[in-house]
Amino acid sequence: MTSEFDGGLTVVGDASIDHFVQVPHIAQSDNKAIGQYLGSFGGGMSANLAAAAAAHGVSSRLVTSIGDNEESAQALAALQKLGVDVGSVQRVAGQRTWMCFIQLDDSGEKALIGADTGIKLPEAGRIGKGILAGSRIVAPLADDLGWALEIAQQARAVGTKVAIDLEPDAFEPGASLLCDLLSHSDLVFMNTDSAAKLSGHTGTDAHIDAARACHERGVSTVVVGRGRNGAFCSTLHEGTWRAEADVTPRVVDTTGAGDALAGGFLGSLLRGLPSEESLGRAVSQATASTEHLGSRTYLENLNDIEALLQQYPITIERIPHD
């Protein structure tokens, strides 16, 4: 794969078709929940992140593999409409785009089941340095740490910064593969579960200790999404902040809120904004996403990202260093 790119964000990973069911409760082992089918929406962590960043007017490109059926074509067209460069998306003949089946309860919380159709991720060896060159930030999906490390190494080789989002099920603390990936990453995003796992405890300082562990590997910026408590950002040289929404959102669906947080932060950084302002904007964007069904519907019919962010005021507080 090769493609000219005018600088900005290149996201390498997945795009999915998400099917939503409203249920009275999240089904557990050996029971069932009968609910109402709500419809299908475009999803995928990488696609969500790329769209969230593109909303800020920066160049945002998605590198992924999808199927060649009509459903996949519609999802691709929807991403392009949101400003995502889809010129490097591979259509795989005879395959369907991978899918998620999502249970939503009345609080907006979710449970996801993924159905990998065999083309979730593009082959790392087919991407190559050429498609990454010219980007300012490359964000590989970190579900498969070995795959993500290969992309990160290629990105670093062409002088590009690397951003990853650590999911709690994707890593084991202290594993050599995780350590190698962190050492090749400049920005790391995670949620509270990942922070607890990385820090080794669930105490109130888990996010601080998780950030410290990343900094020790050379990561310059760590952002921890903390759900209803907003987000935390720690940098090696600029400072540490937390940001929280001033008004509790009317949560409909939390799917993709972490992707909106990461994409909003990266999009703001690429516009030249400082880390603390980028954090506040990212929390506003993630908050907006939770008030809509589907991980990207909050971006549909969006004329001005600034007007959207102003609807969700944020308090940002600087945290003194120890």
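Just so you know, all these numbers are worked out from the coordinates, no wet-lab data involved. Just so it is clear, the structure is predicted and the values come from calculations on it, not from any experiment. Cβ coordinates were reconstructed from backbone atoms using ideal geometry, including for glycine residues, and neighbour counts include every protein chain displayed.
So for Glu291, Glu276, fewest C-beta neighbours within 10 Å to most, what's the order?
So the residues, fewest neighbours to most, are Glu291, Glu276.
In a GNM of the chain with a 10 Å cut-off on Cα contacts, which of Thr192, Thr248, Thr221 has the highest mean-square fluctuation?
In the Gaussian network model the winner is Thr248.
Cβ under 15 Å from Ala115's Cβ, Ala115 left aside: what net charge do those residues give with Lys, Arg +1 and Asp, Glu -1?
Spelling it out: positives minus negatives among the neighbours equals -3.
Give the span of segment 161-221's Cα atoms along each principal axis, as three whole-Å numbers ordered largest to smallest.
30, 20, 16
What residue among Gly263, Ile137, Gln22 has its Cα farthest toward the positive end of the dipole of segment 9-318, where the charges are +1 on Lys, Arg and -1 on Asp, Glu, each on the Cβ?
Value computed over the given set: Ile137.
Starting at the first residue of segment 225-239, write each ³J(HN,Hα) from the Karplus equation 6.51 cos²θ - 1.76 cosθ + 1.60 with θ = phi - 60°, in whole Hz, x for Gly and Pro.
With the stated coefficients, segment 225-239 comes to x, 10, x, 5, 8, x, 8, 10, 10, 10, 10, 5, 10, 9, x Hz.
Which is farthest toward the positive dipole end of segment 9-318 among Trp147, Gly108, His292, measuring Cα position about the Cα centre, with Cβ charges +1 (Lys, Arg) and -1 (Asp, Glu)?
Value: Trp147.
For every helix of n ≥ 4 consecutive DSSP H residues, a contribution of -39,500 (n - 2.57) applies; sum these over the chain, divide by its total residues, and give [θ] at 222 nm rounded to the nearest 500 deg cm²/dmol.
Taken over the chain, the calculation gives -10000 deg cm²/dmol.
Taking the Cα atoms of the chain, report the difference between the largest and smallest coordinate on each principal axis, in whole Å and largest first.
The Cα atoms of the chain stretch 53, 47, 43 Å along their principal axes.
Give the peptides 128-138, 38-48, 166-176 in descending order of average Cβ contacts within 10 Å, highest first.
Numbers: 128-138: 19.8, 38-48: 24.1, 166-176: 14.5.
Result, highest mean first: 38-48, 128-138, 166-176.
Hey, in the GNM for the chain with a 10 angstrom Cα cutoff, which one of Ser107, Ser88, Ser183 fluctuates hardest?
Ser107
Name the most mobile residue of Asp30, Asp143, Asp85, meaning the one with the largest mean-square fluctuation, in a Gaussian network model of the chain with Cα contacts below 10 Å.
Asp30
From the phi angles alone, apply the Karplus equation (6.51, -1.76, 1.60; θ = phi - 60°) to segment 241-252 and give each ³J(HN,Hα) in whole Hz, x where the residue is Gly or Pro.
After applying 6.51 cos²θ - 1.76 cosθ + 1.60, I find 9, 10, 9, 8, 5, 6, 10, 5, x, 8, 5, 9 Hz.
If you put +1 on each Lys and Arg Cβ and -1 on each Asp and Glu Cβ, how big is the dipole of segment 1-73 around its Cα centre, in Debye rounded to 20? Each step should come with its number before you reach the end.
Values: 2 positive and 8 negative charges, 53 e Å.
The dipole of segment 1-73 has a size of about 260 debye.
Among Ala124, Ala282, Ile314, whose Cα projects farthest towards the positive end of the dipole of the chain, with charges put on the beta-carbon of Lys, Arg (+1) and Asp, Glu (-1)?
Ala124
So how strong a dipole does the chain carry about its Cα centre when Lys and Arg Cβ are +1 and Asp and Glu Cβ are -1, to the nearest 20 debye?
On the way: 23 positive and 40 negative charges, 98 e Å.
Roughly 480 debye, rounded to the nearest 20.
Which ordering of Thr297, Thr64 is given by a fewest-first count of other beta-carbon atoms within 10 Å? Mind showing how you got there, number by number?
Numbers: Thr297 17, Thr64 27.
Ordered from fewest to most neighbouring Cβ atoms within 10 Å, Thr297, Thr64 come out as Thr297, Thr64.
Sorted from fewest to most neighbouring beta carbons within 10 Å, what does the list Trp147, Trp241 look like?
Trp147, Trp241
Please identify the trypsin sites (Lys or Arg not before Pro) of segment 246-322 that satisfy two criteria: DSSP loop assignment and at most 13 other Cβ atoms within 10 Å. Which are they?
Hits after loop and neighbour filter: Arg250.
Give me the percent of DSSP beta bridges within segment 9-318 that run antiparallel, rounded to the nearest 5.
Details: 27 of 56 bridges.
In segment 9-318, DSSP labels about 50 percent of beta bridges as antiparallel.
Using amide H atoms built 1.01 Å from N in the peptide plane, name the residues 5+ places from Ala139, or on other chains, whose amide H lies under 5 Å from its own.
Correct list: Thr10, Val11, Val12, Ala163.
Given the C-alpha centroids of segment 209-249 and segment 74-131, what is the distance between them in whole angstrom?
What the calculation gives is 27 Å, centre to centre.
Taking the Cβ of Ala206 as the centre, find all other residues whose Cβ is under 12 Å away and add up their charges (Lys, Arg: +1; Asp, Glu: -1). Could you put the intermediate results ahead of the total?
On the way: positive: Lys197, Arg212, Arg226; negative: Asp193, Asp205, Asp209.
Here the count lands on 0.
Explain nothing, just the number: dipole magnitude of segment 132-287 about its Cα centre with +1 on each Lys and Arg Cβ and -1 on each Asp and Glu Cβ, in debye rounded to the nearest 20.
Details: 12 positive and 20 negative charges, 87 e Å.
Roughly 420 debye for segment 132-287.
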